[in-house]
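Heads up, the thing below is written out as structure tokens.
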Amino acid sequence: MTRNLTLAIDDDLLDKVRVLAAMKRTTVNEAVRGFLTQWVQQETSKDEAREALLKLIDESKGRMGDWRPGKRDEIYSGDRRFDR
């Protein structure tokens, strides 16, 4: 089902969009529809990737055990590492 939508847009912008649409042999309506479709697809992809990562975190068998990084003074000797 297709629904109509009323959109308020600046006259200057609308003129530019109409020119761009004509150059691409499409309509402003189709351009807006395409933009909205692409936007939804991108957000859906992000949501699916986020869900997959959270699932991977929950189901991961990898464990760090008792390992913790050392303290700064244990790791860093204070010696210069690069000659200037």
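Coordinate-derived values only; no laboratory data. Fair warning: this is a prediction, and the values are worked out from it, not measured in the lab.
Quick look at the numbers
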{"read-out": "0 to 90° range, to nearest 10: angle between helix 28-59 axis and the chain longest Cα axis", "value": "20"}
{"read-out": "Shape of the chain, Cα gyration tensor, a/c cut at 1.5", "value": "oblate"}
{"read-out": "Extension gain, LEU7 back to GLN41 (0.36 nm per residue minus Cα-Cα distance, nm)", "value": "10.1 nm"}
{"read-out": "Nearest-ten-degree value, helix 11-23 long axis tilted from longest Cα axis of the chain", "value": "90"}
